[in-house]
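FYI, it's all coordinate maths here, none of it is from the lab. Remember, predicted model here, so these are calculated numbers, not experimental data. Positions of Cβ are backbone-derived with ideal geometry, glycine not excepted, and every protein chain shown enters the neighbour counts.
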Amino acid sequence: MAGLRVQTLIFVLVAALAILDRTFVEANFDKNFIVTWGKHHIGTTNGNLRLVLDKSAGSAIRSKVAHLFGTVEMLIKLVPGNSAGTVAAYYMSSTGTAHDEIDFEFLGNSTGEPYTIHTNIFAKGKGDREQQFKPWFNPTNGFHNYTIHWNPSEVVWFVDGTPIRVFRNYEKEGVAYPNKQGMKVFASLWSADDWATQGGRVKTNWTQAPFVAEGRRYKARTCLWQGPASIKQCADPTIKSNWWTSPSFSQLTRSQIDRMQKIRSGFMIYDYCKDTNRFKGVMPPECSKRQF
Ligand SMILES: *[C@@H]1O[C@H](CO)[C@@H](O)[C@H](O)[C@H]1NC(C)=O
Ligand SMILES: *[C@@H]1O[C@H](CO)[C@@H](O)[C@H](O)[C@H]1NC(C)=O
Ligand SMILES: *[C@@H]1O[C@H](CO)[C@@H](O)[C@H](O)[C@H]1NC(C)=O
């Protein structure tokens, strides 16, 4: 009898902790992803990922579960040599017409020309918020760390620990913010040579296929999306284990902002907020507000 009571007590304790600790961790391509395109083009072993593109197909995977807030990181080595026309993508997205999405995309280039690191964000189906950077390192000769931090107040894109972009929550000012839909994690490699490289002028050279991009040390530490109840629970700053709502996670330090500004002034090659022609002078409202 005593044994049973102890067991019950332990069970109740574990259940209570599981409810209190909403953090969900996934860290393995084999266990946590499914292949959505190009089964014979994808290899996953011991948490490593190999995405292949040739003339017959590209390759794509997505996480099994969806997340609402947290941090998602992956070390990526992009296609070496002539990657013109190819696009490697690593992003989070919900589904449906009014979907949310946070993007890293890597646009290939001819041998010796720089990759483009492309970022974008959709909220309630609205995107058109591209910012692009040329890398300040060689993204094809080793693995680099691409991380998305996402919490109720801002989204931050990091490259090798340096923040490069922030999208703040201006919901009160009428700018939609991704905070009501769980997003799955996606990774893919495909050819988009009608637009990707130098405006579509440089095409994929298929005689140089297969093109290969690699991923490593995927890690998602997030609030697990469990349906609409998560909207309130994952955003609740009074729940202690919601570390993604804590000020230390939500705010960049002075030195991080300094480093970001150096990268943005030296390596940003496109900013939607500066593209007055595109928006015919009516700039998106967040562009005139504090960005970080
Ligand atoms: C990747 O970068 C993130 C954000 O700076 C950092 O928290 C994380 O520890 C880094 N991961 C690795 C494996 O270096
Ligand atoms: C490719 O290289 C050209 C020339 O350096 C550069 O203008 C362009 O931004 C690079 N990236 C892409 C994706 O075309
Ligand atoms: C494609 O690559 C092959 C093999 O390297 C090369 O001989 C050919 O000139 C390339 N084609 C173009 C259009 O650059």
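Can you give me the long-range amide H partners of Ile239? Hydrogens built in the peptide plane at 1.01 Å from N, cutoff under 5 Å, separation of 5 or more residues or another chain.
none
For the chain, what is the calculated [θ] at 222 nm in deg cm²/dmol (nearest 500), taking -39500 (n - 2.57) for each run of four or more DSSP H residues and dividing by its residue count?
Details: 5 runs with 48 residues, N = 292.
Result for the chain, helices only: -5000 deg cm²/dmol.
Take the residue pairs Lys64/Lys219; Lys126/Lys172; Lys31/Lys124; Lys39/Lys64 and return only those whose Cα atoms are more than 19 Å apart.
On the way: Lys64/Lys219 14 Å; Lys126/Lys172 17 Å; Lys31/Lys124 30 Å; Lys39/Lys64 16 Å.
The pairs that break the limit, which is 19 Å between Cα atoms, are Lys31/Lys124.
Can you put Ser191, Ser288 in order, fewest other beta carbons within 10 Å first?
Going from least to most buried by this count: Ser288, Ser191.
Let me make sure I get this right: for the chain, a, b and c are the square roots of the gyration tensor eigenvalues over alpha carbons, sorted descending. Under 1.5 in a/c it's rounded, otherwise prolate if a/b > b/c, else oblate. Which is it?
Values: a/c = 2.06, a/b = 1.33, b/c = 1.55.
Since a/c reaches 1.5 but b/c is at least a/b, the shape of the chain is classed as oblate.
If I fit a long axis through the Cα atoms of helix 254-267 and take the longest principal axis of the Cα atoms of the chain, what angle between them do I get, 0 to 90°, rounded to 10?
Approximately 20 degrees, to the nearest ten.
With a 10 Å Cβ neighbour count serving as the proxy for reagent exposure, in which order, fewest first, do Met74, Met92, Met283 appear?
Met283, Met74, Met92
Neighbour counts of other C-beta atoms within 10 Å: give me Ile61, Ile263, Ile76 arranged from fewest to most.
Ordered from fewest to most neighbouring Cβ atoms within 10 Å, Ile61, Ile263, Ile76 come out as Ile263, Ile61, Ile76.
Given a 10 angstrom Cα cut-off, can you work out which residue in Val202, Val79, Val35 is the most mobile in a GNM of the chain?
Val202
Considering only DSSP states other than H, G, I, E and B, which chymotrypsin sites (Phe, Trp or Tyr not before Pro) in the range 223-270 qualify as loop sites with at most 14 other Cβ atoms within 10 Å?
For chymotrypsin sites (Phe, Trp or Tyr not before Pro) across the range 223-270 that sit outside H, G, I, E and B with at most 14 neighbouring Cβ atoms in 10 Å, the list is empty.
I'd like the distance between the alpha-carbon centres of the range 153-214 and the range 231-248, rounded to an integer number of Å.
Rounded to whole Å, the Cα centres lie 26 Å apart.
Mind telling me which of Tyr170, Tyr90, Tyr218 comes out most flexible in a GNM of the chain, alpha-carbon contacts under 10 Å?
Its mean-square fluctuation being the largest, the pick is Tyr170.
Can you tell me the 0 to 90 degree angle between the C-alpha axis of helix 2-20 and the longest principal axis of the chain, rounded to 10?
Rounded to the nearest ten degrees, it is 40.
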